[in-house]
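The values are calculated or read from the model by the stated rules, or taken from the named source; none is laboratory data. What you see is a predicted model; the values in this text were computed from it and never measured. With ideal geometry, Cβ positions are generated from the backbone for all residues, glycine too; neighbour counts draw on all protein chains shown. Note: accessible area is taken over every heavy atom of the protein model, side chains too, but ligands, DNA and RNA are not part of it. Shrake-Rupley method; radii C 1.70, N 1.55, O 1.52, S 1.80 Å.
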Amino acid sequence: IEIYSLHVDSKVTSRFAHTVITSRIVNRANESREATFEVELPKTAFITNFSMSIDGEVYPGIIKEKAAAEKEYDTAVSQGQSAGLIKITDRKLEQFHVSVNIAAASKVTFVLTYEELLWRQWGTYELLIKVLPKQLVKHFQIDVHIFEPQGFSFLEIDSTFMTNDLSEALTKVQNETKAHILFKPTVDQQKRNSELNETLLNGDFIVRYDVKREATAGDIQIVNGYFVHYFAPRDMPVFPKNVVFVIDRSGSMAGRKIEQTRTALLKILQDLRPEDHFSFMTFNSKVVEWKSSLLPATKENVASAAAFVQTLSARGGTDINSALLTAVSVLDKSKSLPERSVSMIILLTDGQSTTGERNVEVIQENIQKAINGTYTLFCLGFGFDVSYTFLEKMALSNGGIARRIYENADAALQLQGFYQEVATPILMNIEMQYPENAVEELTKNNFNLFFEGSEIIVSGKVSIELDPFPIQIKAQSHTSDLTLKEEANVKEKEQVFKNQRYIFGNFVERLWAYLTIQQLLKKAISAQEEDQKALEAQALDLSLRYSFVTPLTSMVVTKPSDQQQVELANKPTEAG
């Protein structure tokens, strides 16, 4: 089985990426063989299309409601045939895998398309392409076109497998708003060495960039009646933080996990700012406080906390309820905290409650009642023994997010990375306002906190043509209450995208649908049962209308009649 051509084509228009992977395979044997198409794609992406063409006959993937697709599939499962074409492979990626038998000398072409919004993190957008052909490929190329109307502030290419030889196959052409990156290594350049037919191409190919930001109230783009508004202020004073770290030291954390946690916490302590206040508590079946109140992050206090962290050892049960309630009461009791400051609790646990209150719904209710909208709760689940659904619901109900920490060698870096994302809050209570009578189907436009290096994105439908299109942002900074205003010239904005060959279809409309689905699914996690059903129904409707494989839809992949007929591609979630 020879992959004679493998092309990855990515078009990024104003942060929205549309990637098409085409693999052409020929069976050079004189009997039938199995041809496999295996691709890793970002978890944040939605697959929108897949097809197989075998000797000119096309077998398309059809996206359906999950329940309907599973019904169709049940007969195949009852005959003992394998399930599921997509699985999570690591913290950033999931794998799409399909195999088909092809006759001697036959050819098959696999085409997979997916779309994603590139989220700004630590001041950077990242387009990640996973490269893993497992053999030398005669016609191999990665072709990336990026169009950012705001203009690039920087753009770089990074790769985990690049050699001097391979870098000669890489070209980058860039002007102020457009970039074209082409990576087209010959078979000789792909070889690990001249004797062996082993490929060097194995790993990540990453394009990182950021854009220029001139307008104070962000940048707005309008195409075919849909708009998207990007807001990422900079050069703002940072809010002082009041942060309580709640660290699981139950028996299951023993060994490498507790060591990695210690390493990360010692580094995080160094990153606290002098104006921050902080405290630590550790828990198993008992809660142990470093101090009974929050203390300023002076050199002495940081050193004392570091000594406390060094003594962390793991044994005993897990009482998440008591630990979090203690953390809330420490924040409640703290008197001398800066007036304009941001209070947060960061929970790290690797398991489920085994002592104290064990009912997850009661714990969620207790914590929500105690926090009462005053503080933000971030939940980090270490490994796969945690109830991720429980942590995610608890975090989302209290203004925060949940994140799984993967048990790899870089777990300490994952913990530090998460802390760095939330370490610099620069705005709170942000309200993105648009002319009421002129927009509809708006995505989320109120945000508790904005952290430096990230970006707020709001999208919607323009129902009445206004030109100019006014926008207003209200927010609180550390020093004042802000009102930022901007007027977008609609004609001018629409012109920007008119003559661009980089554009794929109604990209702003698809971006709006993608963002709306992501937000509806997130909202459903912490909603009551009635609301949950309504939110999921909305998300399902959009998933089907725009052809996205989301957790509510499935792609039905049909194969030639002499093989297992039907396979399903379901989108996995972090909660499993």
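Take the range 456-489 and flag every residue that is in contact (Cβ under 8 Å) with a residue 24 or more places away in the chain, closer than 15 Å to GLN221 by Cα and over 31 Å from the mean Cα position of the chain (by Cα).
GLU465, LEU466, ASP467, listed by residue number.
Does GLY453 fit the bill of being in contact with a strand residue (DSSP E or B) (Cβ under 9 Å, 6 or more places away or on another chain), of a type in the set (Gly, Ala, Ser) and farther than 30 Å from GLU275 by Cα?
On the way: in contact with a strand residue (DSSP E or B) (Cβ under 9 Å, 6 or more places away or on another chain): yes; of a type in the set (Gly, Ala, Ser): yes; farther than 30 Å from GLU275 by Cα: no.
No.
Residue by residue through the range 160-194, note down the ones that are part of a strand (DSSP E or B) and farther than 18 Å from LEU118 by Cα. Step through it out loud before you land on a result.
So the first thing to find is which residues in the range 160-194 are part of a strand (DSSP E or B), and the list is 170-174, 178-183, 191.
Passing the criteria: LEU170, THR171, LYS172, VAL173, GLN174, LEU182, PHE183, LYS191.
For the range 406-423, enumerate the residues that are out of contact with any Lys or Arg (no Cβ under 8 Å at 6 or more places or on another chain) and crowded, with 19+ Cβ neighbours inside 10 Å.
Those that are out of contact with any Lys or Arg (no Cβ under 8 Å at 6 or more places or on another chain) and crowded, with 19+ Cβ neighbours inside 10 Å: LEU415, TYR419, VAL422.
Could you go through the range 411-422 and let me know if any residue there is in contact (Cβ under 8 Å) with a residue 12 or more places away in the chain, closer than 26 Å to GLU116 by Cα and in a strand (DSSP E or B).
no
Which count do you get for residues in the range 309-331 that are among the hydroxyl-bearing types (Ser, Thr, Tyr), farther than 19 Å from SER292 by Cα and surrounded by fewer than 16 Cβ atoms within 10 Å (Cβ to Cβ)?
Matching residues across the range 309-331 total 1.
If you scan the range 434-469, which residues turn out to be open to solvent by less than 20 Å² (accessible area, probe 1.4 Å), part of a loop (DSSP other than H, G, I, E, B) and of a type in the set (Val, Ile, Thr)?
Hit for the range 434-469 is THR443, nothing else.
Of all the residues that make up the range 264-294, how many are open to solvent by 70 Å² or more (accessible area, probe 1.4 Å), in contact with a strand residue (DSSP E or B) (Cβ under 9 Å, 6 or more places away or on another chain) and of a type in the set (S, T, N, Q)?
Number satisfying all stated conditions: 1.
Looking at the structure I just gave you, is ASN506 open to solvent by 20 Å² or more (accessible area, probe 1.4 Å), modelled with pLDDT of 95 or more and out of contact with any Pro (no Cβ under 9 Å at 6 or more places or on another chain)?
No; evaluated as a whole, the condition is false for this residue.
What number goes with the only condition from (1) surrounded by 16 or more Cβ atoms within 10 Å (Cβ to Cβ); (2) free of Cβ contacts under 8 Å to residues at least 60 places away in the same chain; (3) more than 30 Å from THR13 (Cβ to Cβ) that VAL238 does not pass?
(2)
Evaluate the range 355-364: report whether one residue or more is in a loop (DSSP other than H, G, I, E, B) and in contact with a helix residue (DSSP H, G or I) (Cβ under 7 Å, 6 or more places away or on another chain).
The answer is yes; a qualifying residue exists.
Is at least one residue of the range 301-313 farther than 25 Å from PHE390 by Cβ, assigned by the TED database to the domain that holds GLY383 and touching a residue at least 60 places away in the same chain (Cβ under 8 Å)?
Among the residues of the range 301-313, at least one is farther than 25 Å from PHE390 by Cβ, assigned by the TED database to the domain that holds GLY383 and touching a residue at least 60 places away in the same chain (Cβ under 8 Å), which makes the answer yes.
Residues being touching a residue at least 60 places away in the same chain (Cβ under 8 Å), under 10 Å from SER313 (Cα atoms) and open to solvent by less than 20 Å² (accessible area, probe 1.4 Å): count how many of those fall in the range 249-263.
Total satisfying the criteria: 2.
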